[in-house]
Amino acid sequence: MIFNSLEYVALLVIVFIAYWLVSRSYQNILLLVASYVFYAFAHPMLVVLLVSYTLVHFFCGLGIKKFPGWSKCILIGAISFSLITLGIFKYFDFFVGNINYVLGFVGLSSLTPAIYIILPVGISFYTFQTLGYTIDVFRGQIEPKSNFINFALFASFFPQLVAGPIERARDLLPQIEKKRLFNSCDVQDGLMLMMWGFFKKMVIADNVAIIVNKIFLVDEPGFALIWIGVFAFAIQILADFSGYTDIARGTAKILGIRLSENFRHPYLTRSPAEFWRRWHITLSFWFRDYVYIPLGGSRGGTLSKVLVLLVTFFLTGLWHGAGWNFILWGVYNGLLIQFQRMLTSLFPKVSLPKTISGAITFVLITVGWLFFRETDITYIVKYMTQSPALMRYSDLREEIFILVQVLIFSAPIWLHGLFDSTNGVMFYRNRRETWHRYLLKTGVAALLFILILAVGNDSSSEFLYFQF
């Protein structure tokens, strides 16, 4: 079930009404049932996989505390189960295909051909969420939970189940365990956040996606056209993914639960490192806490620091998908951060103006999206090395028209970012609740709803990160 569907709206209305009518003891049961209905809507058998993750990590968490002498073995078992399961469903065909290519290249017979396993939606997200819980229990940072219903809801909470945010147990579980009271302000803010998310998905992302898809289907796009397509994809993926997060956070908020912020205007940054503190925040910090720091982080010599950084971003790219283009995208971003570190150490007193450093960062990050969007490596090499001198000036009018379209669709994102970066949102939030404020929020929500109906793409597609 996807957010931008009538089925989801119907499920949410039913859950919302029932949720605030039943007693507290039944609220988590209701949410757990809704979560499994949500996940089982397309492929009911995949529920077995989600239940397996839940059972393994629930009992491993209890086992780590009950049998401290075996805690490391239990942790290794939980990690092995999670990563092997993820590897089979997400990477089996990729690895077999690459091994067969190498074997064929040296003249040996191939292995078992790829079996085209269906990728369960959300597996990358709930793998990391449940893994984080068990690792935190092992580290002694949280106590293992003995209430299975509460833990099962933590592992499967439907607003963030299939595309994040990746929640930490210390943040989400206490909210699941405590009493939640109806708050009209939270409901209004949650609905507003959902409307903004639907607007970003259905008006911005889905309309820009049409432009992106057409450009990437052109056999011989010129220099200008291909980079307009990459810029358009940068807008599409931000609007699509952050739109999902806003809908998820808004849904949770009307149910009295606060999910983590996952995007903080990542294109308005001054450096690649800052970009990764603002883009897919929960994933970035997951890799920092469970991969980068345990591998050594910023400790050790220069070579060690570089290797740890590149390994972390190699895994970040691989997490996003079973393809060499994702790995290249991850390593490319790691190299950008390393290059930034090198420049900072060589020129510690040099600081570019915010506009210039922001523009350079945006261009570098946008170049990386070509790796992410295009799976054909030869295509990437061809257009990464194409000279601007090969621009077809006869097509310039059409290319400018396409660029203007993308800029118009992206304008709300830029305006919202500028408003937020000038503390406009904080001023708005800190104002005392008055009827003027309610009227303003209602008016904005109504405007977004009208724009969704008027400009929203009728053929709205699945969210991009459902594939990962």
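The values are calculated or read from the model by the stated rules, or taken from the named source; none is laboratory data. Note that this is a predicted model, so its numbers are computed, not measured. Heads up, the Cβs are rebuilt from the backbone with ideal geometry, glycines too, and the neighbour counts pull from every protein chain shown. Protein only, heavy atoms only, side chains kept; ligands, DNA and RNA dropped before computing areas. Shrake-Rupley method; radii C 1.70, N 1.55, O 1.52, S 1.80 Å.
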Exercise for the section: For residues that are part of a helix (DSSP H, G or I) and either of a type outside the set (Val, Ile, Thr) or in contact (Cβ under 8 Å) with a residue 60 or more places away in the chain (or both), tally how many sit in segment 275-297. Expected result: 15
Handout entry: Of all residues in segment 285-309 being surrounded by fewer than 21 Cβ atoms within 10 Å (Cβ to Cβ) and among the hydroxyl-bearing types (Ser, Thr, Tyr), the one that is nearest to His416 (Cα to Cα)
Key = Tyr290
Fill in the blank from the handout: When every residue in segment 335-374 that is among the β-branched types (Val, Ile, Thr) and open to solvent by 70 Å² or more (accessible area, probe 1.4 Å) is compared, the one farthest from Asn213 (Cα to Cα) is Val350
Problem - Condition broken by Lys253, with the remaining ones in (1) open to solvent by 10 Å² or more (accessible area, probe 1.4 Å); (2) out of contact with any Asp or Glu (no Cβ under 6 Å at 6 or more places or on another chain); (3) in a helix (DSSP H, G or I) satisfied - result: (2)
Exercise for the section: Return a yes/no flag: does segment 1-23 have any residue that is part of a helix (DSSP H, G or I), within 14 Å of Phe151 (Cα to Cα) and touching a helix residue (DSSP H, G or I) at 6+ places or on another chain (Cβ under 8 Å). Expected result: no
Handout entry: Tally of residues being open to solvent by 10 Å² or more (accessible area, probe 1.4 Å) and not hydrophobic (A, V, I, L, M, F, W, C) across segment 221-241
Key = 1
Fill in the blank from the handout: Contact list, first residue from segment 22-51 and in contact (Cβ under 8 Å) with a residue 12 or more places away in the chain, second anywhere and of a type in the set (D, E, K, R), beta-carbon distance below 8 Å, six or more apart or interchain, is Arg24/Lys179; Arg24/Arg180; Gln27/Arg180; Phe41/Glu7
Completion exercise
Every listed condition ((1) at pLDDT below 90; (2) in a helix (DSSP H, G or I); (3) surrounded by 17 or more Cβ atoms within 10 Å (Cβ to Cβ)) holds for Leu318 save (1)
Completion exercise
All-but-one check, Ile215 against (1) of a type in the set (A, V, I, L, M, F, W, C); (2) surrounded by fewer than 23 Cβ atoms within 10 Å (Cβ to Cβ); (3) modelled with pLDDT of 90 or more, failing number (3)
Practice task
Would you confirm whether any residue within segment 85-99 is at pLDDT below 95, of a type in the set (S, T, N, Q) and within 25 Å of Leu153 (Cα to Cα)?
Solution key: yes
Problem - Residue check for Thr269: open to solvent by less than 20 Å² (accessible area, probe 1.4 Å) and more than 17 Å from Pro159 (Cα to Cα) - result: yes
Problem - segment 114-150: number of residues that are assigned to a loop (DSSP other than H, G, I, E, B) and touching a residue at least 12 places away in the same chain (Cβ under 8 Å) - result: 16
Practice task
Restrict the check to segment 56-68 and report whether at least one residue is touching a helix residue (DSSP H, G or I) at 6+ places or on another chain (Cβ under 8 Å) and within 26 Å of Phe241 (Cα to Cα).
Solution key: no
